[in-house]
1. Please list, in order along the range 198-208, the HN-Hα scalar couplings obtained from phi with the Karplus expression 6.51 cos²θ - 1.76 cosθ + 1.60 (θ = phi - 60°), rounded to whole Hz, x for Gly and Pro.
2. Apply the a/c threshold of 1.5 to the C-alpha gyration tensor of the range 266-312 and tell me whether it is rounded, prolate or oblate.
3. Tell me, what is the per residue accessible area of the range 47-125 in Å², probe radius 1.4 Å?
4. For the range 55-163, give the percent of accessible area contributed by carbon and sulfur heavy atoms, probe 1.4 Å, rounded to a whole number.
5. Work out from phi, with θ = phi - 60° and the Karplus expression 6.51 cos²θ - 1.76 cosθ + 1.60, the ³J(HN,Hα) of each residue of the range 323-339, listed in order in whole Hz, and give x for Gly and Pro.
6. Mind ordering 284-293, 260-269, 176-185 by average Cβ neighbours within 10 Å, highest first?
7. Compute the distance in nm between two label points, each set 7 Å from the Cα along the Cα-to-Cβ direction, one at residue 283 and one at residue 45.
8. Normalised by the number of residues in the range 244-399, what is the relative contact order in percent for Cα pairs under 8 Å and 6+ residues apart?
Amino acid sequence: MNRRNFFKTGGMALAGFGLAGCGPKKVVQRAPTPPAVPGFAPRPAIDLTPPRITWERVIRTTIGLRPHRDSGFVLKGVKFDDRTVIHDYGFGGAGMSLAWGCGAMAADMALEQGDRRAAVLGCGSPGLTAARQLQRRGFAVTIYTLAVPPYTTSNMSSAGFTPTAGLVSADQRTPAWDAQFRQAAEISYRQLQLLAGAPGYGVYWIDSYNATDDPTPPAGGGPDGDLVPEHLRTGRDREVLGPGEHPFPTKYAIRTSTLAIEPSIYLDALVRDFMLFGGKIVIRKFDTPRDLMSLNEPVIINCTGLGSKTLFNDDELVPIRGQLTVCIPQPEVHYRASGRLPNSTINASINPRSDGLVIGNMQERGNWSLEPNEEVRQQNVSAAIAFFAAMRAPSGGVRLTRSAPARAIPSLESFYGLES
């Protein structure tokens, strides 16, 4: 295009623009834009690595005897001549959960004595936490025990914050005991929160999935629901995953956050801290309360668990036998899960830890044997193999992830009724 034609056509275009701007406007009617319709598409399915469970991967089976009393744990002080003995024992399956709280309450009782020397009987979770709570209050502490980690009953537990597991019979509770329990649970829950994620303690949060065909929560918070203070009954951490939103062979999966504890790491860390603060451990056996009179410490915290049956003639104590089977660790399995197939009567469960993938559990009252029950082992492992083999495999190329979004620290109530 030459210069003359450019200005001619350009001028006409500009003139046309100007004329159009000066003439009457033409109003165009348009239909109103409908409001956006919110999407109701199902959430993307979570991708979880299925556990590899085979008989070839089984590495050990362990037995633990929970010290159960139908009327619950004992937390009280008694006099033996010029000694004060403070009992702190009888936690059933809740010893890892309540130990910090009961230890703090026992240590506060010890403060009523003028002397700041104390002996602790027992080196499991109750004994070690009581010793640490005494040290925090300025006591010089010696632990007297027959067994030290990794050979204590606490080392044999599945371990997690389960403060009502195998703890008390409902018809044996009293208002005074309930008050002690609630105080102990509050203190312990806070202490374990502070340890969660701290290097070297083996305490952490983990997602737990209960695979089920019935997503209805238990009425009243379960059999121990009335133990829970009203202000803690929020239930804010319970998430129901529907069909297609989870990989389990059931209609639904209930996700909750669990405060997990790895016994071997946790108990060794408590021993280390106790020793760093000047504590001493003495291997010694006591046959009768009279033997305690030979100790130099005027305050004695009794955390002997089942040992109190003979040492202090507590005939109410009874063992609740537990059995766990452990497979080779599988680090990519970062969740707990339980459920059963429709044609099975045995619940399958996994609890991943750095020392192995823990399978199954049991509660057998009154059995003192430390020998594994082969029939129970066969049932637990076979149920786990069948159930987790039926899981949907992760989608190709999809990042394995936990359920989202992240939530606040769950309420104390959400852990009640779980099994340690």
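The values are calculated or read from the model by the stated rules, or taken from the named source; none is laboratory data. Please read all numbers here as calculations on a predicted model, not as lab measurements. We place every Cβ from the backbone using ideal geometry, glycine too, and count neighbours over all the protein chains shown. Surface accessibility is based on the protein's heavy atoms, side chains included, excluding ligands, DNA and RNA. Shrake-Rupley method; radii C 1.70, N 1.55, O 1.52, S 1.80 Å.
1. For the range 198-208, the Karplus-derived couplings read 5, x, x, 10, x, 10, 6, 8, 8, 6, 10 Hz, x marking Gly and Pro.
2. Details: a/c = 2.76, a/b = 1.60, b/c = 1.73.
Oblate.
3. 32
4. Working: 1750 of 3420 Å².
The nonpolar share, carbon plus sulfur, comes to 51 percent.
5. 9, 10, 10, 10, 9, 3, x, 9, x, 6, 8, 10, 8, 9, 7, 8, x
6. Ranked from most to least packed, the peptides come out as 260-269, 176-185, 284-293.
7. Calculated label separation equals 5.4 nm.
8. It comes to 24 percent, rounded to a whole number.
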